[in-house]
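Report on one structure; see the data block that follows.
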Amino acid sequence: MAERLSVGSLRVINTSDSSSYPPNPVLQVLTVKELNSNPTSGAPKRYRVVLSDSINYAQSMLSTQLNHLVAENKLAKGAFVQLTQFTVNIMKERKILIVLGLDVLTELGFMEKIGNPAGLETVDALRQQPQTSVNEGSINQSSAPANYPANTGSFYGNNSPSTAPAPPPMVKRPSGPNPTNGYSTIIYPIEGLSPYQNKWTIRARVTNKSDIKHWHNQRGEGKLFSVNLLDESGEIRATGFNDQVDAFYDILHEGQVYYISRCRVNIAKKQFTNVQNEYELMFERDTEIKKAEDQSAVPVARFSFVSLQEVGNVAKDAVIDVIGVLQSIGPVQQITSRATSRGFDKRDITVVDQTGFEMRITLWGKLAIEFSAPEESVLAFKGVKVNDFQGRSLSMLTSSTMSTDPDIQESHLLKGWYDGQGRGQDFAKHSNNASISSVSGRSAERKTIADVQAEHLGMSETPDYFSLKGTIVYIRKKNVSYPACPAPDCNRKVFDQGGSWRCEKCNKEYDAPQYRYIMTIAVGDHTGQLWLNVFDDVGKIIMHKSADELNDYQENDENAFMNCMAEACYMPYIFQCRAKQDNFKGETRVRYTVTSLSQMNWQEESKKLIDYIQAAN
């Protein structure tokens, strides 16, 4: 198998610029290791792969879009791979390969390490060495890989450097005269960006552009906007503040392709975006943006569609992509927000697909007013939110996008189905009793506390739901309840005005508040302990009394209050829970909330135990 390796290719990559990279090198995998990333960040797993050409080995980072190869045990120790797309980053004075595309050469199987490869020098050491070309002294006739010509004085066979094969397609120089207007001519893939680089240019399409948002707080006031950028390797979010809003907002347009450079690369704030990237960009004073002449070189969008039938099994508040044929268009309506008393324009449309289901989708604001797609168009939605209001439905967010009759395979198949048989078909609707599950496919099944922690529930961008059989072992006595507005459907906190209680939302004063539970409880099972948040409806079941009654005990009869707390402990329940990321003082964490609970059905639980024992045998 040694003759199949691209012997010496890693040193060429390590000492040359991208114009001299060997095309599609064949390497052996020495190790695959998952990086110890922050488990609460919600980011995809990242893997470090050590690759060898039999003379040298090099560290590499695997693009997240290739993670499935690790999960499927195809990319493992001893395997052979051919790199099809890659770039190089400098991290801690070492060059690290960023692998964006590869083919696992399964026909070669798995083997023990070939040769005795050595590590490559640090970047500083390499800078002190004279730049030499790779010739017969390092790659001779006997050691040349099978896919490189032998009997030549160059790594590229008979090609001179000026006619060397083009670099990998994800790290390339744009064609045409002065295509980037003097920017760095190396086009980096979005997937390869990191805070360790400062000289790069991406070529990306704007798939979403927000409105300008204004803020006012104790530090002052300002404005911002954001765009989602897409290229062949992935997506990233970019944000501009204040002066950069004035500089770039009118330049960037949805659907257009741009060369962008000189931005700051930061760790992504997951609470503000649904884009799958560990990093995000910030426009700065020196940022350069130029519209690309070739608008077709970048994909228009990347979707991960959920069928309308499957929407019934997706968790409420999940953000998903769907595609359907537009069947009906409702009128524009104006509603008033309870929270802000502001008016909003909305429009409901209905789409259908070949699974036999229809789905109501709500459009908001300017899109609702200007919506003009004709009926029977194919509409593709990216990043719409799942609702349970008046049955299962979907709603556009500010970050959502909609494409009309997109030129993608799913759209053509859907149009063909509708023209052939779907036009006269009757369609089903999802009821309010849609099952609870997450977009990742996890249903609200019974979990132990160890399962919840081991599976990192709640660490993705969408909530996870699970059922837990456990016992309340402790109730925090601080902040058991809060004074709420007594008006129906308000529940906002009210403030003591010295004889009256004022609700800022209702702009009214009341003689007394209505206390509502906001408890934190520790629940244990045979595998561990978990802190859960509890609100009013569940709190009443646990405490067997209203929050008003318990607050009265807390203020006037400490012994009665302590007895109530003690009696509520060491009681077993079946907890229905939601796990969701939360940001507290700049720190991302998982918040577990009890959505409902039920008393133990001992007969049913005994049957489950018997089934478990029988399955184990």
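Here are some notes:
- A single entry from ALA315, ALA297 fulfils the requirement of being more than 19 Å from the chain's Cα centre (by Cα), small (Gly, Ala, Ser) and not assigned by the TED database to the domain that holds ASN242: ALA297.
- The set of residues from segment 385-407 being surrounded by 15 or more Cβ atoms within 10 Å (Cβ to Cβ) and among the aliphatic types (A, V, I, L, M) comprises VAL386, LEU394, MET396, MET402.
- Residues within segment 480-534 that are in contact with a helix residue (DSSP H, G or I) (Cβ under 6 Å, 6 or more places away or on another chain), buried (at least 16 other Cβ atoms within 10 Å of the Cβ) and either charged (D, E, K, R) or not in a strand (DSSP E or B) (or both), tallied: 2
- Matching entry among THR588, THR593 (being in contact with a Ser or Thr (Cβ under 6 Å, 6 or more places away or on another chain) and under 30 Å from ILE267 (Cβ atoms)): THR588
- Flag for ARG589 being open to solvent by 70 Å² or more (accessible area, probe 1.4 Å), closer than 29 Å to ASN274 by Cβ and either in contact with an Asp or Glu (Cβ under 9 Å, 6 or more places away or on another chain) or not in a strand (DSSP E or B) (or both): yes
- Restricting VAL300, VAL245, VAL265 to residues that are β-branched (Val, Ile, Thr) and open to solvent by 30 Å² or more (accessible area, probe 1.4 Å) narrows the list to VAL300.
- Identity of the residue in segment 58-100, buried (at least 21 other Cβ atoms within 10 Å of the Cβ) and at pLDDT 90 or above, that ends up nearest to GLN581 (Cα to Cα): LEU75
- Whether a residue is in the same structural domain as LEU413 (by the TED database), aliphatic (A, V, I, L, M), under 20 Å from the mean Cα position of the chain (by Cα) and modelled with pLDDT of 90 or more was assessed, and VAL322 passes this test.
- Meets criteria (more than 29 Å from the chain's Cα centre (by Cα), at pLDDT 90 or above and loosely packed, with under 13 Cβ neighbours inside 10 Å) for GLY424: no
The values are calculated or read from the model by the stated rules, or taken from the named source; none is laboratory data. Note that the structure is predicted; figures quoted are calculated from it, not measured. No Cβ is skipped: glycine too gets one built from the backbone with ideal geometry, and neighbour counts run over all protein chains shown. What goes into the accessible areas is simple: the full protein's heavy atoms, side chains included, and nothing from ligands, DNA or RNA. Shrake-Rupley method; radii C 1.70, N 1.55, O 1.52, S 1.80 Å.
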